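Here the structure comes first, spelled out in structure tokens, and everything after it is commentary.
Readers should treat all values here as calculations from the given coordinates under stated rules, not as data from a laboratory. Please read all numbers here as calculations on a predicted model, not as lab measurements. Heads up, the Cβs are rebuilt from the backbone with ideal geometry, glycines too, and the neighbour counts pull from every protein chain shown.
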Amino acid sequence: MTARSVYLDHAATTPIDAVVAAAMAECMQLSGAFANPSSTHAFGREAAARVSAARAQVAERIGAEPESIVFTSGATESDNLALRGAMAARRARGAHLVTSVTEHKAVLDTAKLLAERGASVTWLSCDSDGRIDPAVLDDVLTDETVLVSVMHVNNETGVVQDIAALGERCRARNVLFHTDAAQSVGKIPLAVNRIPVDIVSLTAHKLHGPKGIGALYVRPGVSLAPLQFGGEQERGLRPGTLPTHQVVGMGEAFARADPASDSEHLRVLRERLWEGLAKIDGVRRNGSATHSSPHVLNVAFPGVSGETLRLAIEEIAVSAGSACNAETLESSHVLTAMGLSDALAESSIRFSVGRDTTLDDIDYAVQRTTEAVTHLSGFASSAPSWCTS
Amino acid sequence: MTARSVYLDHAATTPIDAVVAAAMAECMQLSGAFANPSSTHAFGREAAARVSAARAQVAERIGAEPESIVFTSGATESDNLALRGAMAARRARGAHLVTSVTEHKAVLDTAKLLAERGASVTWLSCDSDGRIDPAVLDDVLTDETVLVSVMHVNNETGVVQDIAALGERCRARNVLFHTDAAQSVGKIPLAVNRIPVDIVSLTAHKLHGPKGIGALYVRPGVSLAPLQFGGEQERGLRPGTLPTHQVVGMGEAFARADPASDSEHLRVLRERLWEGLAKIDGVRRNGSATHSSPHVLNVAFPGVSGETLRLAIEEIAVSAGSACNAETLESSHVLTAMGLSDALAESSIRFSVGRDTTLDDIDYAVQRTTEAVTHLSGFASSAPSWCTS
Amino acid sequence: MEYSSEVRRRLERPSCRGVLASAVGSASATAEDRSLNVWVRVQVEVDGETLVAARYDAYGCPHFLAGADWIVERLAGQPAAALTEVATGDAVAALDVPTEKIGKLLVIEDALAACAAKLSVSA
Amino acid sequence: MEYSSEVRRRLERPSCRGVLASAVGSASATAEDRSLNVWVRVQVEVDGETLVAARYDAYGCPHFLAGADWIVERLAGQPAAALTEVATGDAVAALDVPTEKIGKLLVIEDALAACAAKLSVSA
Ligand SMILES: Cc1ncc(COP(=O)(O)O)c(C=O)c1O
Ligand SMILES: Cc1ncc(COP(=O)(O)O)c(C=O)c1O
């Protein structure tokens, strides 16, 4: 790493808050709440008490009752459990699933698997802003529709979907509504007691909590089939020894998130970043600027390859397209769904700010990016239009 | 908790070693290796380097190559992935699964699910010592047998199965062999380069590592179908952001385990415990004393209810029967499979020692248990024989 | 499982477990439910119409043992009819017995009823 | 993705990118592969049978840009025939180009070959 490095990839993952880390450490050693929360002895009961406090913290952040929270290993597992669990539990109703082309891979790939196994899947598309029109559900929902799954905040663009309007249309047709809220909690409001959403995927590590722990909110009365077997933990929906330190870390992270002040801070940083970058010739912002989560800024730099730009500004940690997995380098399905050419999608970069980001970090990122784009543009002064549009 | 409390429930879970906890803490904060190991920037590469070192540590402990280790959320998930992944991947061969009645619930319940979905399952029984005769496989394996799953060390009794002999019989018939080694690593030898085992379930938290992280060893060339979808992590076998701190904790815990000296220490403690308890009138040791992992001692106290005894010695944390989940209080399927009556199984207690257990702890446990059994026997001086045999 | 302090106290210092020394004017009866893993033997001593002493021997979980102790303790000084009017509900409340364990306490009622039957036969 | 120090250096300080000033005795050609997201324009100046100068303009990933820089840099001073004898393998080795990216470097070969064709037509 060079002398100065700036982390602007908080949509990929965040560092763990020091207070959260301290709470986790408390649950590790013999003198702390390290035990198996299912054990009936005093050590176990102490761990169980921590788990139940954490469950209440997670529930409270989204306006839910503690009993509706099922801990999982992360949003990927939550998405798998939501889609497959709902489709299996309501097989009597039908096998129609509705989801969107801009979902995270955990939903996309699970929907594809369900399609292979005989489900009929309707893929909703988005407009050039990345938004889905809730009214399309009127034409799409049938009496055989089991589930609609549309994410709350897109991980590549930060675009926010109108989950209240989507959920209402589902509710009216007695269809379950699932939303992947991995990116939204703590950044924009989400209250399951106010909007008709039935199942919500959550994860701790996008909000300064630990990786490897997440949850599924399941509205009371909604039943899902389990994905894994072998224990009565989490009401039989998710077996395995509950990782006390991880659960406690998630609870603490959710409790510490202060959506009002946090999102104001994030928004200020993100807008300063955009103001700076907007001065670069030809740049464009990808996705709705109004319906967007305050932590993500996705920008296309026409005429400069994104891979090259990322190397040129390597001391600034950012992502190209979907950062959840860099082992595959394909152009973003989200940006192309919004109408961007492959070249423009490839020339796009996701910047994402977090609680630890400073104004200085932003100014440095703007300066370095501007220099790099100016320098790199010199390589392709006569490039054809497909490279720049 | 009372003034003095002793933790003798290490087979349920263990406290995290301080060195392991320190390595985990290193992977939590902005200045450490907190990033998403799939990210290509420097932060991500630093996390990836830690993950790959941890993968090598886990692999080395069992004599495997790093590429054969797939990280999961624990042995429960590993068991689910092993059984369902193997049965799905080799459907062309057949749908016959062989397992034993003394398995952990993660295997038992998954096998039952597979049976519901059409697999034919053969349940091997054990002798009164809790051991399975490998020769039974000669009568059981067919050309349609896909997988045999027999655990290495039983979690309730510590009884060790002869996995080398079982594996050889499977190999000879081209049948895959899986073993759940959640309880064995670090206590008794396990070397996949020496014995013909194809798939092994591992977990960190029984060996002073963190809960919520485990692994599956998959012998190169053996292909499994994934259980979850949505990312290319772990060669597509297990999606989701890799939890760097958890993986590093598992690696460190596996590296620090010193089977030779650890198991000697555990054996000394366990035998001293048994010598002390054996003086109590009528007690019996459940399971083979020779083929046993050094950390577990399962003892029946005839004429005293196990639940009552556990309350009477509540400052000693122990388990009744299977401790992996205390939400269901049913008598142990393992002990009854060994021929114990329901009453005797209920009157049994599992003591399990760990690296942090001292000789003083053992002496205190012996003293308190002896006092308690003497006192409680006074309640049932004329009880009929079904209560005591 | 949670245990009330009353259960703990009776387990540590039971008030009337054991066997009565005198065998005159006494009756004893057992009851059990093997599926619930409980067994109890109740012994009472009567003087005319009055229970003058009562003891029990029992095998089972803490709530069962404490329940036997609580119920049998109340017999001394009562008329013999008390044997068939056991206030199991009061024991449940006094000891904070969880719902799923109430069935076990009914086995104690059975033993007392059997005692009462023996007394009326011998009377 | 790993990048060698040679790739980094050429990205930071390219040796022969841009356009030649004089248009006498020069030829230029482009090549692209949109599916690989690369485009390149090569310009050479010849004096008799000798390449006296060469420049490129390029769009693509770091290995592609550095590859163009490395290959084109070697042209000056060579006979024109060198345009059709490009040592792409040497560039791959010098820059540590990963296998999956070698296809992109062949696009540079195409541009040079197109240049060569133009020169032989005008000759
Ligand atoms: C929208 C969304 N869903 C799901 C996930 C997967 O979450 P996890 O890493 O907790 O499995 C992510 C990020 O990785 C995400 O951004
Ligand atoms: C033999 C055995 N297998 C599987 C498990 C489950 O492991 P985990 O808690 O890591 O899911 C346990 C203990 O809980 C065990 O003892």
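Taken residue by residue and averaged, Cβ atoms of other chains lying within 10 Å of the Cβ of B:203-210 number 3.
As a check on your grasp of the helix formula, calculate [θ] at 222 nm for the protein assembly as shown: sum -39500 (n - 2.57) over DSSP H runs of n ≥ 4, divide by the residue count, round to the nearest 500. The helix-only estimate for the protein assembly as shown comes to -11000 deg cm²/dmol at 222 nm. Here A:Glu144 yields copy-to-copy label distances, from shortest upward, of 3.2 nm, the label point defined as 7 Å from Cα along Cα to C-beta. Taking other Cβ atoms within 10 Å as a rough exposure proxy, A:Thr142, B:Thr290, A:Thr102 sort from fewest to most as B:Thr290, A:Thr142, A:Thr102. For the residues of C:33-43, the average number of beta carbons from a partner chain within 10 Å of their own beta carbon is 3. The relative contact order of chain D, computed from alpha carbon pairs under 8 Å that lie at least 6 residues apart in sequence, is 28 percent.
I'd like the FRET efficiency for C:Ala21 and C:Ile102, computed as 1/(1 + (r/R0)^6) with the beta carbon distance as r and R0 of 35 Å, rounded to 0.05.
So, using R0 = 35 Å, E works out to roughly 0.60.
Using the Cβ atoms and a cut-off under 13 Å, what net charge is assigned to the surroundings of A:Ala119, where Lys and Arg are +1 and Asp and Glu are -1? The answer is +4. Relative to the Cα centre, the charge distribution of the protein assembly as shown, modelled as +1 at Lys and Arg Cβ and -1 at Asp and Glu Cβ, gives a dipole magnitude of about 260 debye. The phi torsions of segment B:180-194, fed into the Karplus equation with coefficients 6.51, -1.76 and 1.60 and a -60° offset, translate into couplings of 8, 10, 3, 8, 9, 4, x, 10, 9, x, 8, 9, 5, 7, 10 Hz, rounded to whole numbers, with Gly and Pro shown as x. Take chain B, connect every pair of alpha-carbon atoms lying under 10 Å apart with a spring to form a Gaussian network, then pick out the residue of B:Thr370, B:Thr72, B:Thr157 with the largest mean-square fluctuation. In this elastic network of chain B, the residue with the biggest mean-square fluctuation among B:Thr370, B:Thr72, B:Thr157 is B:Thr370. Note on segment A:131-228: antiparallel DSSP beta bridges, both residues inside, total approximately 50 percent of the bridges counted.
Distance between the C-alpha centres of segment B:107-130 and segment B:196-228: 20 Å, rounded to the whole angstrom. Computed from the C-beta positions of A:Arg284 and A:Thr358 and an R0 of 25 Å, the FRET efficiency is 0.45 to the nearest 0.05. For segment C:52-64, backbone phi angles converted through the Karplus equation (6.51, -1.76, 1.60; θ = phi - 60°) give residue-by-residue couplings of 9, 7, 8, 9, 9, 10, 8, 10, x, 6, x, 5, 5 Hz, Gly and Pro being listed as x.
Label zone of A:Val101 (point 7 Å out along Cα→Cβ, amide N under 16 Å): in segment A:255-297 this covers A:287. Computed from the Cα positions only, the extents of segment D:5-118 along the three principal axes stand at 38, 26, 23 Å, in decreasing order. In this assembly of identical copies, the label point of B:Ala49 (Cα plus 7 Å along Cα-to-Cβ) is separated from its counterparts by 4.3 nm, sorted shortest first.
In order along segment B:224-237, the phi-based Karplus estimate (6.51 cos²θ - 1.76 cosθ + 1.60, θ = phi - 60°) of 3J(HN,Hα) comes to 10, 7, x, 9, 10, 10, x, x, 8, 4, 6, 6, x, 7 Hz; Gly and Pro are listed as x. A Förster distance of 56 Å, applied to the separation of the beta-carbon atoms of A:Glu275 and B:Thr370, puts the FRET efficiency at 0.15. Using the Cβ of C:Leu51 as centre and a radius below 10 Å, the other residues enclosed give a net charge of -2, where K and R count +1 and D and E count -1. Across the identical copies, the 7 Å label point of A:Ser120, projected outward along Cα→Cβ, sits 3.8 nm from its counterparts, in ascending order. Annotation for B:Ala260 and B:Lys112: the two label points, set 7 Å from Cα along the Cα-Cβ direction, are 4.4 nm apart. Counting charges near C:Val107 (Lys, Arg +1; Asp, Glu -1) among other residues having Cβ under 15 Å from its Cβ returns a value of -3. For the rotational copy relationship between B and A, the axis lies nearest to a chain B beta carbon, identified with its distance in whole angstrom as B:Ser73, 2. As a length-normalised measure over Cα pairs under 8 Å and 6 or more apart, the relative contact order of segment B:45-109 settles at 24 percent. If you run the Gaussian network model on chain A, springs between alpha carbon atoms under 10 Å, then out of A:Gly63, A:Gly303, A:Gly249 the most flexible one is A:Gly63. Take the Cα of A:Asn174, step 7 Å toward its Cβ, do the same at D:Ala76, and the gap between the two points is 7.9 nm.
Calculate, in nm to one decimal, what B:Asp133 and B:Ala88 gain on full extension: separation in residues at 0.36 nm each, minus their alpha carbon distance.
Length gained, B:Asp133 through B:Ala88: 13.4 nm.
Across segment B:24-119, Cα-Cα pairs farther apart than 24 Å form 45% of the total. Cross-link partners of B:Lys206 among lysines, defined as those whose alpha carbon lies under 25 angstrom from its own and excluding same-chain residues fewer than eight positions apart: A:Lys211, B:Lys105, B:Lys187.
Taking every C-alpha pair closer than 8 Å and separated by at least 6 residues, the mean separation divided by the residue count of chain B gives a relative contact order of 23 percent. With a ≥ b ≥ c taken as the square roots of the eigenvalues of the C-alpha gyration tensor of the protein assembly as shown, please select rounded if a/c is under 1.5 and otherwise prolate if a/b is larger than b/c or oblate if it is not? Judged from the Cα gyration tensor, the protein assembly as shown comes out prolate (a/c at least 1.5, a/b above b/c).
Among residues of chain D, the one whose beta-carbon sits closest to the D-to-C rotation axis is listed with its distance in Å as D:Met1, 28.
Averaged over the residues of A:11-21, the number of partner chain Cβ atoms lying within 10 Å of the residue Cβ comes to 5.
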